[in-house]
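Take a look at the structure set out below.
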Amino acid sequence: MTAGDLEVEAAPDDAAAAWAHVEVSRHPDRPYALDLIQRCLDDFIELHGDRQGGDDAAMVIGLARLGGHRLAVVANQKGRTLEERGRRNFGMAHPEGYRKAQRLFTLAGRLKLPVVSFIDTPGAYPGVAAEERGQAWAIAQTLEAQLALPTPYLAVVIGEGGSGGALATLLADSVMVLEHAFLSVASPEAAAAILFRDAGQKQHAAAALRLEAKNLLEWGIADEIVPEPEGGAHTDWEKTAALLRPRLEARLRMITERGFDPARRRARYRQLDGLFDA
Amino acid sequence: MSVSTAYTGVQANKEGSAFTCAACKATYPAAQVAGTLYVCPGCSHHARVGAHERIRQLADKGSFQEWDANLTGTDRLGFFDTRAYVDRLDEARARQQLPDALLTGSGTIHGFAAGLAAFDFGFLGGSLSTAVGERLARAIEHSAEAQLPFVCVTSSGGARMQEGVFSLMQMAKSVSALHELAEAHLPFISILVDPTMGGSIASFAALGDVILAEPKAMIGFTGARVITQATYEQLPAGFQTSEFHHARGLIDRVVDRRDLKAVLAQLLAVLAGPAGEIDQALA
């Protein structure tokens, strides 16, 4: 490839569009995981704790029904009020959160429950205590747990999909992305700081990273884009849930009916680039 | 190969006639520090070494057979930050004499055959590109196929921003490949050297059956500078060093580079040596 094949630096229009996408995904009135779980699933009952000494409120786990189906649920949870934002740590989990997710995968495997995950996190929490308790190890083990899960598994990116913290509950048999949600290797701010040495270049970084839902679909990282109400999910939670619920059920059915096998899930992530001959 | 790519961080001595320790600033003849495996003879600071040098230190002479020598990736996103990504790649390939930031192959370590992988921090910070992820996954699979234990020396800043979400997905790819090794009941020995950060330690590198680290290597999910900026927290003494993680049960042993080959051989003697009556029955 030569320099002539390169796209030039993202045009201002691209940067503005990419940034608008990020802003909608982070809108303070956007429905968070529990808002959608309460509207899309039936009989949701939350469980607590990683059974190793912690219960991270940034990661929610529980049991529910969807139509006639039993489910295990894992979700990143952001807070709405000042108090809740602190308690939920803005949706950024500590190692206890990822171990709580692992517990849910273990439980689902033992009880033969399909898993649905809801992803909405800026990323894993970047703090001293998280590092002291093995943040990287916790995420790595959660990746491993997902790829070994012996039951059908569906992931839905409902807002921010930030980095390794998002990946910890994303490696499903099928991935759905809400229209204004995104998945990125790093937050646009962090990417800008690394690439341009200037977090103020976040708009350019967002465009250059091509983090929007449509790209994830084009590349096969996501299988379906879930439409949002005109203007974004924050304008109408009921309608957002009404658009999501039937698609959740249809996807779960599709995963199960095509002959479910965790080896197929591992193959999906082994070959995801689509660049190399197997 | 010249000394200039054998170790990094010593800009003043690229000609290779002398070695100045980045920690204590003492200068030694290059030949002397080559003999101490680029560990400072005075203060024992471990200089970063490139992938070719790392393999030379660990594999028995003449035993290394490279895998997938021609496997490279592409600029999927057409990425341009302050420079074109393709130009950065070309420059790194020429300078480091590698197709990307990971060198893989088979070799023997004091006679024990193993699959080997070594990251090259001088190649765009040893970051995880699609090519690095593919080379790593194939090395793991080649090892499983050949019934070899797998040894990986990681020195990586984490994700390669210029490959966006494809870089992120290499974490999933590597863990998926490791499942094959585990199913074949073959050991994975993960060696963490300075630095091992972000997506690398949060995926394959943390999943070693045995995890070793060189002294005072920086290892962690989020770098210290970012943590300070994001949280204003005070960092404890020795934060994110090998010793820090070892004390918290996250790393099995901190091993001086000069002892690394012998420790690996000892591990392989147990894990890959002949089985006895009792453990044979478990096979």
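Yes or no, residue by residue, for (1) closer than 20 Å to A:Leu149 by Cβ; (2) among the small types (Gly, Ala, Ser):
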| residue | (1), (2) |
| --- | --- |
| A:Ala75 | yes, yes |
| A:Gly79 | no, yes |
| A:Glu84 | no, no |
| A:Pro95 | yes, no |
| A:Ala101 | yes, yes |
First in the range B:33-47 and touching a residue at least 40 places away in the same chain (Cβ under 8 Å), second anywhere and hydroxyl-bearing (Ser, Thr, Tyr) and part of a loop (DSSP other than H, G, I, E, B), Cβ under 7 Å, 6 or more apart: B:Ala47/B:Tyr38
State which residue is surrounded by the fewest Cβ atoms within 10 Å (Cβ to Cβ) when the search covers only the range A:244-278 and only residues that are outside any helix (DSSP H, G or I) and acidic (Asp, Glu). A:Asp277
If we scan the range A:263-275, do we find a residue that is among the hydrophobic types (A, V, I, L, M, F, W, C) and modelled with pLDDT of 95 or more? yes
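Is it true that B:Thr222 is without any contact (Cβ under 8 Å) to a residue 40 or more places away in the chain, outside any loop (DSSP other than H, G, I, E, B), within 10 Å of chain A (Cβ to nearest Cβ) and farther than 30 Å from B:Val33 by Cα?
So B:Thr222 does not fit the description; no.
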Condition met for B:Val270 (under 23 Å from B:Leu207 (Cβ atoms) and crowded, with 17+ Cβ neighbours inside 10 Å): no
Need pairs with beta-carbon distance below 6 Å; first residue farther than 23 Å from B:His142 by Cα and within 12 Å of chain A (Cβ to nearest Cβ) and within the range B:81-105, second among the small types (Gly, Ala, Ser) and part of a helix (DSSP H, G or I); sequence gap 6+ or separate chains. B:Ala84/A:Ala3
Checking the condition at pLDDT below 95 and either surrounded by fewer than 24 Cβ atoms within 10 Å (Cβ to Cβ) or hydrophobic (A, V, I, L, M, F, W, C) (or both), which residue from B:Thr228, B:Thr241 passes? B:Thr228
Between A:Leu149, A:Leu183, A:Leu111, A:Leu107, which is among the hydrophobic types (A, V, I, L, M, F, W, C), closer than 30 Å to A:Pro229 by Cα and either at pLDDT 95 or above or within 16 Å of the chain's Cα centre (by Cα) (or both)? A:Leu183
Taking the options B:His179, B:His185, name whichever one is out of contact with any strand residue (DSSP E or B) (no Cβ under 9 Å at 6 or more places or on another chain) and facing chain A (nearest Cβ under 10 Å). B:His179
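Go through the range B:34-91 and give me each residue that's of a type in the set (Lys, Arg), part of a helix (DSSP H, G or I) and out of contact with any strand residue (DSSP E or B) (no Cβ under 6 Å at 6 or more places or on another chain).
Scanning the range B:34-91 gives B:Arg56, B:Arg88.
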If we keep just the residues of the range B:225-269 that are touching a residue at least 40 places away in the same chain (Cβ under 8 Å) and β-branched (Val, Ile, Thr), which is nearest to the other protein chains (Cβ to nearest Cβ)? B:Ile251
Could you run through the range B:139-189 and say how many residues are under 16 Å from the mean Cα position of the chain (by Cα) and of a type in the set (Lys, Arg)? 1
Could you list, in sequence order, all residues of the range B:208-219 that are assigned to a strand (DSSP E or B) and either more than 9 Å from every other protein chain (Cβ to nearest Cβ) or in contact with a Lys or Arg (Cβ under 9 Å, 6 or more places away or on another chain) (or both)? B:Val210, B:Ile211, B:Leu212, B:Ala213, B:Met218
Kindly establish whether B:Ser129 is farther than 20 Å from A:Trp219 by Cβ, among the polar types (S, T, N, Q) and at pLDDT 95 or above. no
Determine, yes or no, whether A:Ala57 is more than 22 Å from A:Ala186 (Cα to Cα), small (Gly, Ala, Ser), part of a helix (DSSP H, G or I) and at pLDDT 95 or above. no
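Could you grab me the full set of residues in the range B:244-253 that are surrounded by 16 or more Cβ atoms within 10 Å (Cβ to Cβ) and part of a loop (DSSP other than H, G, I, E, B)?
B:Leu250, B:Ile251, B:Asp252
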Members of the range A:176-186 found to be hydrophobic (A, V, I, L, M, F, W, C) and within 11 Å of chain B (Cβ to nearest Cβ), listed by number: A:Phe182, A:Leu183, A:Val185, A:Ala186
Test for B:Ala265: is it out of contact with any strand residue (DSSP E or B) (no Cβ under 6 Å at 6 or more places or on another chain), surrounded by fewer than 22 Cβ atoms within 10 Å (Cβ to Cβ) and not polar (S, T, N, Q): no
Could you tell me which residue of the range A:112-159 is nearest to the other protein chains (Cβ to nearest Cβ), considering only residues that are of a type in the set (Gly, Ala, Ser), part of a loop (DSSP other than H, G, I, E, B) and within 24 Å of A:Leu216 (Cα to Cα)? A:Ala124
Would you check if there is a residue in the range A:168-185 being among the small types (Gly, Ala, Ser), surrounded by 24 or more Cβ atoms within 10 Å (Cβ to Cβ) and without any contact (Cβ under 8 Å) to a residue 60 or more places away in the chain? yes
Do we have A:Ala18 as surrounded by 15 or more Cβ atoms within 10 Å (Cβ to Cβ) and at pLDDT 95 or above here? no
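The values are calculated or read from the model by the stated rules, or taken from the named source; none is laboratory data. None of the values given here were measured: they were computed from a predicted structure. Note that each Cβ is placed from the backbone with ideal geometry, even for glycine, and that neighbours are counted across all protein chains shown.
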